[in-house]
Structures are given as structure tokens and as C-alpha cells.
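Okay, so here's the structure we're looking at.
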Amino acid sequence: AGFGNLMQDVLWCFSQVKGTIDIGVTEADIISTVEFNHTGELLATGDKGGRVVIFQREQESKNQPHRRGEYNVYSTFQSHEPEFDYLKSLEIEEKINKIRWLPQQNAAYFLLSTNDKTVKLWKVSERDKRPEGYNLKDEDGRLRDPSMITMLRVPVLRPMDLMVEATPRRVFANAHTYHINSISVNSDYETYMSADDLRINLWNFEITNQSFNIVDIKPANMEELTEVITAAEFHPHHCNTFVYSSSKGTIRLCDMRTSALCDRHAKFFEEPEDPSNRSFFSEIISSISDVKFSHSGRYIMTRDYLTVKVWDLNMENRPIETYQVHDYLRSKLCSLYENDCIFDKFECVWNGSDSVIMTGSYNNFFRMFDRNTKRDVTLEASRENSKPRAILKPRKVCVGGKRRKDEISVDSLDFSKKILHTAWHPSENIIAVAATNNLYIFQDKVN
């Protein structure tokens, strides 16, 4: 679909909070990650309460073939519980930091979820039959008296109401001293990596009691610490290649074939700083909050506080594209520093063909940039315009002077409403946007 009608038709708005619209939002209900699976048929969200909610796309109706399938709740389960590290007197939150799906190999689905310290592998499967007619147990599962068993029965499978079960298959714990900020499944589908502030570990899915440390930037003297790891991801096709970003605004591409410990990068991506733009906040706003390989594997996209940048793997000295997300906030950095918003970690995503990129902003705004036409649009995810089939109108922010009727002043933006987490369907123009405790799903206009 062309960008002209891209993402203009609202389909559904899901809320993690049960009850009426005006129910109070609790901290546990705030969505902390959103992720489509490889086919786009499932969409998983994680929240600060440690819950994972999976939505499934319904099949298209034969009576209404032009209507796309809607996403409805498929499964809900508690992934992580709050813990306490008695040795370090540290409370470990149950908040889900990231969810990553594994490609589907059979009828069941598998996903990884992580909080600050522990990664878990979950199996989500369906059950519509149950066995009956055991010899040694009755229907309630209690053991029968052997003296009462006078005949041999053959157990049979009886139909039952469909039940979706989520069971933890692996628990990968005790490998991170610092908070996990990223997990990424390798293209060999045998390994994955988890990254915290100073280290990146490589895991095998079958081995839970040990991992292999592939990056360690911890200095011998912590007083000499100058940067931390902010995000990491495997290359989509080459199982030996991965990137990680830092709080200094740099990206390192590493090749695991060169050495066991990837302390020496293969490529180093950094844009020289413009001295004229140097300020007290330069280091903070240059910190990269998210890094993503394109589906083709040719490009890397990074998000810092004010911009989204696209890098070519073959050019390290500067990005090939830079998009201003909310440049009108440059004059507000002082107040954003005081209310801690300057430390918000926005994510960014590609569409299925790598031609459009999307990222979030404040006031429940999210931005889209078409790489081919260089057009961009600001859209809003809010309850006011979340009626089914309502067309989203582009929003504009007025910086100074006279404000037009359809514009919003930069001084009236709500910084408590922020779009940090977004996801894009792998092949269609369907997006998921997490706004505090609400999940909005949009699709392009249906003609």
C-alpha cells in the first residue's frame, strides 16, 4: 500500500485494564513490550505486573471477505513474579522487559520473555481433547484401589472445550549482574543472546545452567566506566554477526568467528558531533535507546532521544538517513531533564519491506517516515479517536507564533502520555502501539 493511505484506519483498541473506560491505571497494568510473531497471526504484550497477554488474529469471515481479521485475546499468563535477592538486598521487579518469538516448528508456539534478571522460554499450546478411562486412576486423578480393578480399560480421547495452556519449558537465570535490556534470537534458532548494561551472554536453548560471555565492557575500576550497553540484536540471516549500541551514541558490529570474546568489534559506527550543537544535554540525548537490523540485513536503524537514524553496514562514519522525531523539544531539554523524561527509552521498528520506519513520541503521538518519498506523518493513539473504522488525522505541533485550529502547541503536550513500545506486522500494514495501559491496533485504509 502507498504511504498516502498508510496507517489511517483504526481497527481496534484493547485495554489491559478490565472494567469501564474511566477505571484508574495501576503501575502493574502499564504495557512494557509489544511483539508480533513471525507470521503476524499472534501479538504478545508484556506489562509491569509480569503478565503476558497474547492476541490471536481471527480468520477472515466468509460473509465479509473484505474485512480483515481482528485480534482477540488468545492467552493470558503470569510470566514473572517479584523476587528479592537476599545476598545483595535487592528487589527484582516482575516487569517484562522484552518478548521475542521463536519461529513456529509445530502446532505449539514458543516465546522468550525476560525481566531484569531471568529469561524464560514459554510453550503456548492448545488442547481440545482429554484422555479418559485410566486403569489406575479415576476421573479426578486419584489412585484407585488395585483390588477393585477387575477389567482392563483402554484410555480414549474425548472432545473438550478448547483450552490454551502456557507452560514454562526453560528458565535461564543467575547470569546477569545488571539489568537485562535486550534479548535476541539467533538465525540458527539454537542460540539466543541476552544483554545487560555491561555484558552480553550467549545461550543455548537446551542449556539453562550456563551461558557464554561474548561481550564484557566492564572496566577493572568501575570509576573508569564511561559507557554502558543499551541494546543488542543478532543479524537476521548471519548467525555469527550481531550489533550492540551504547550510551555514547555508538554502534559496534561484532563477528563471533574472529574470537570467543568479542571485545574487538568488526565495525564501529559513529557520527561526528557538530560542535555548534554541543550542549549540557548532548551526551544524554545521543544515547541510543534501540537498535534494529532491517529485514534484509543491509541496514541498521537506531533511535536516540530526538532522532531516528539509518546506517548502511558498509558505511561507518555517518548514517545515510536521519529523521527528526520531535525536534521542537530541543528548546525544552532543561524541563525534560528535571522531570526525567529525557531518559525515556523509545523503540523503533521497520515495516515488512524496510521502506517505512515508525517510532513513538509524547502526547500519545507516533511518527512514521517513508524512506522512498521522504514524507512523514504524526498520528495519535487516543481513546477519543479510537472508534472502529475511524480515520486517523495527521497531527501537527506548533512551536511558536500563531497556532492554527488543527495544531497543538508544544507547551500543551502531555509528557506523561508516551509511546515507547510499537510493533509492525511482518508482512502487512498492521501496527500495534502501546500507550500506557492501552494497546491500539491500526491498519491501512481498506478501500
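Please list, ordered by first then second residue, the pairs with beta carbon atoms under 7 Å, 6 or more apart or interchain, first in the range 118-145 and among the charged types (D, E, K, R), second surrounded by 13 or more Cβ atoms within 10 Å (Cβ to Cβ) and not in a strand (DSSP E or B).
Lys120/Ser79; Lys123/Ala108
Being closer than 30 Å to Ile207 by Cβ, assigned to a loop (DSSP other than H, G, I, E, B) and at pLDDT 80 or above, is that true of even one residue in the range 159-173?
First pass over the range 159-173, keeping only residues closer than 30 Å to Ile207 by Cβ: 164-173.
Still in the list and also assigned to a loop (DSSP other than H, G, I, E, B): 173.
Keeping just the survivors that are at pLDDT 80 or above gives 173.
Yes; the residues of the range 159-173 include at least one that is closer than 30 Å to Ile207 by Cβ, assigned to a loop (DSSP other than H, G, I, E, B) and at pLDDT 80 or above.
With the checklist (1) open to solvent by 40 Å² or more (accessible area, probe 1.4 Å); (2) more than 17 Å from Leu121 (Cβ to Cβ) in hand, flag the one item Leu198 doesn't pass.
(1)
Restricting attention to the range 25-41, and to residues there that are open to solvent by less than 20 Å² (accessible area, probe 1.4 Å) and β-branched (Val, Ile, Thr), which single residue is farthest from His80 (Cα to Cα)?
Filtering the range 25-41 for residues that are open to solvent by less than 20 Å² (accessible area, probe 1.4 Å) and β-branched (Val, Ile, Thr), the one farthest from His80 (Cα to Cα) comes out as Val34.
Give me the pairs, please: first residue somewhere in the range 348-377 and touching a residue at least 12 places away in the same chain (Cβ under 8 Å) and of a type in the set (Gly, Ala, Ser), second residue anywhere and open to solvent by less than 10 Å² (accessible area, probe 1.4 Å) and not in a loop (DSSP other than H, G, I, E, B), beta-carbon distance under 7 Å, and either six or more positions apart or on two chains.
Final answer for the pair search is Gly360/Phe366; Gly360/Thr422.
What's the total number of residues in the range 133-147 that are acidic (Asp, Glu) and modelled with pLDDT of 80 or more?
Here the count works out to 1.
Residues in the range 393-447 that are under 26 Å from Asn351 (Cα atoms), assigned to a strand (DSSP E or B) and either in contact with a helix residue (DSSP H, G or I) (Cβ under 8 Å, 6 or more places away or on another chain) or open to solvent by 40 Å² or more (accessible area, probe 1.4 Å) (or both): how many?
Keep residues of the range 393-447 that are under 26 Å from Asn351 (Cα atoms), which gives 393-397, 417-447.
Restricting the remaining residues to those that are assigned to a strand (DSSP E or B) gives 396-397, 418, 421-424, 430-435, 438-443.
Now narrow it down to the ones that are either in contact with a helix residue (DSSP H, G or I) (Cβ under 8 Å, 6 or more places away or on another chain) or open to solvent by 40 Å² or more (accessible area, probe 1.4 Å) (or both): 396-397, 418, 438.
Number of matching residues: 4.
So which residues in the range 366-382 are part of a loop (DSSP other than H, G, I, E, B) and of a type outside the set (Gly, Ala, Ser)? Before the answer, list the steps.
Step one: filter the range 366-382 for residues part of a loop (DSSP other than H, G, I, E, B), giving 371-375, 381-382.
Matches in the range 366-382: Arg371, Asn372, Thr373, Lys374, Arg375.
For the range 129-178, what are the residues that are of a type in the set (D, E, K, R) and closer than 30 Å to Thr208 by Cα?
The initial filter retains those residues of the range 129-178 that are of a type in the set (D, E, K, R), namely 129-130, 132, 137-140, 142, 144-145, 153, 158, 161, 165, 169-170.
Glu165, Arg169, Arg170, listed by residue number.
Scan Thr76, Thr39 and give me the residue that is part of a loop (DSSP other than H, G, I, E, B), among the β-branched types (Val, Ile, Thr) and out of contact with any Ser or Thr (no Cβ under 7 Å at 6 or more places or on another chain). Spell out how you get there, then give the answer.
Working: Thr76 fails: part of a loop (DSSP other than H, G, I, E, B).
Result: Thr39 is the single residue among Thr76, Thr39 that is part of a loop (DSSP other than H, G, I, E, B), among the β-branched types (Val, Ile, Thr) and out of contact with any Ser or Thr (no Cβ under 7 Å at 6 or more places or on another chain).
Could you grab me the full set of residues in the range 224-252 that are under 22 Å from Trp350 (Cα atoms) and open to solvent by 40 Å² or more (accessible area, probe 1.4 Å)?
Pro236, His237, His238, Cys239
Filtering the range 207-263 down to residues that are touching a residue at least 60 places away in the same chain (Cβ under 8 Å) and β-branched (Val, Ile, Thr), which residue is nearest to Met315 (Cα to Cα)?
Out of the qualifying residues, it is Ile251.
Results for (1) basic (Lys, Arg); (2) closer than 30 Å to Leu42 by Cβ; (3) at pLDDT below 90, shown as yes or no for each residue.
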| residue | (1), (2), (3) |
| --- | --- |
| Leu392 | no, yes, yes |
| Gly401 | no, no, yes |
| Glu407 | no, no, yes |
| Asp411 | no, no, yes |
| Phe415 | no, no, no |
| Leu420 | no, yes, no |
| Ala423 | no, yes, no |
| Ser427 | no, yes, no |
| Ile430 | no, yes, no |
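Tell me, please, whether a residue that is open to solvent by less than 90 Å² (accessible area, probe 1.4 Å) and within 30 Å of Tyr440 (Cβ to Cβ) can be found in the range 151-163.
Checking the range 151-163: at least one residue is open to solvent by less than 90 Å² (accessible area, probe 1.4 Å) and within 30 Å of Tyr440 (Cβ to Cβ).
Collect the residues in the range 301-326 that are among the basic types (Lys, Arg), open to solvent by 10 Å² or more (accessible area, probe 1.4 Å) and outside any loop (DSSP other than H, G, I, E, B), keeping them in residue-number order. Walk me through how you get there before you give the answer.
Step one: list which residues in the range 301-326 are among the basic types (Lys, Arg), which gives 303, 309, 318.
Add one more test, that the residue is open to solvent by 10 Å² or more (accessible area, probe 1.4 Å), and what stays is 309, 318.
Of everything in the range 301-326, just one residue is among the basic types (Lys, Arg), open to solvent by 10 Å² or more (accessible area, probe 1.4 Å) and outside any loop (DSSP other than H, G, I, E, B), namely Lys309.
Considering every residue within the range 328-349, establish whether at least one is out of contact with any His (no Cβ under 6 Å at 6 or more places or on another chain), within 25 Å of Arg395 (Cα to Cα), assigned to a strand (DSSP E or B) and at pLDDT 95 or above.
Yes, the range 328-349 has at least one match.
So if I check each of Asp290, Asp255, Asp263, which one is within 30 Å of Pro426 (Cα to Cα) and either of a type in the set (Gly, Ala, Ser) or over 20 Å from the mean Cα position of the chain (by Cα) (or both)? First the steps, then the outcome.
Working: Asp290 fails: either of a type in the set (Gly, Ala, Ser) or over 20 Å from the mean Cα position of the chain (by Cα) (or both); Asp263 fails: within 30 Å of Pro426 (Cα to Cα).
So the residue among Asp290, Asp255, Asp263 that is within 30 Å of Pro426 (Cα to Cα) and either of a type in the set (Gly, Ala, Ser) or over 20 Å from the mean Cα position of the chain (by Cα) (or both) is Asp255.
Report, by residue number, each residue of the range 105-141 that is part of a loop (DSSP other than H, G, I, E, B), of a type outside the set (A, V, I, L, M, F, W, C) and within 30 Å of Thr76 (Cβ to Cβ). Lay out the reasoning, then the answer.
Step one: of the range 105-141, the residues part of a loop (DSSP other than H, G, I, E, B) are 105-108, 115-118, 133-136, 138-141.
Subset that is of a type outside the set (A, V, I, L, M, F, W, C): 105-106, 115-118, 133-135, 138-141.
Those that are part of a loop (DSSP other than H, G, I, E, B), of a type outside the set (A, V, I, L, M, F, W, C) and within 30 Å of Thr76 (Cβ to Cβ): Gln105, Asn106, Asn115, Asp116, Lys117, Thr118, Glu139, Asp140, Gly141.
If we scan the range 269-287, do we find a residue that is assigned to a loop (DSSP other than H, G, I, E, B), out of contact with any strand residue (DSSP E or B) (no Cβ under 8 Å at 6 or more places or on another chain) and crowded, with 21+ Cβ neighbours inside 10 Å?
Going residue by residue through the range 269-287, those that are assigned to a loop (DSSP other than H, G, I, E, B) are 270-274, 278-281, 287.
From what is left, the residues that are out of contact with any strand residue (DSSP E or B) (no Cβ under 8 Å at 6 or more places or on another chain) are 272-274, 278-281.
Okay, now just the ones that are also crowded, with 21+ Cβ neighbours inside 10 Å, so none.
Scanning the range 269-287, I find no residue that is assigned to a loop (DSSP other than H, G, I, E, B), out of contact with any strand residue (DSSP E or B) (no Cβ under 8 Å at 6 or more places or on another chain) and crowded, with 21+ Cβ neighbours inside 10 Å, so the answer is no.
So Asp255 ticks every box in (1) surrounded by fewer than 15 Cβ atoms within 10 Å (Cβ to Cβ); (2) farther than 20 Å from Asn372 by Cβ; (3) not aromatic (Phe, Trp, Tyr) but one. Which box is left unticked?
For Asp255, the failing item is (1).
Among the numbered criteria (1) open to solvent by less than 60 Å² (accessible area, probe 1.4 Å); (2) not in a helix (DSSP H, G or I), which one does Leu261 miss?
It fails just one condition, (1).
Just for the range 109-132: of the residues that are at pLDDT below 95 and open to solvent by 40 Å² or more (accessible area, probe 1.4 Å), which one is farthest from Arg169 (Cα to Cα)?
Applying the filter and picking the extreme gives Glu132.
The values are calculated or read from the model by the stated rules, or taken from the named source; none is laboratory data. No experiment lies behind these values; they were computed from the predicted model shown. Cβ coordinates were reconstructed from backbone atoms using ideal geometry, including for glycine residues, and neighbour counts include every protein chain displayed. Calculation scope for accessible area: heavy atoms of the full protein, side chains included, ligands and nucleic acids excluded. Shrake-Rupley method; radii C 1.70, N 1.55, O 1.52, S 1.80 Å.
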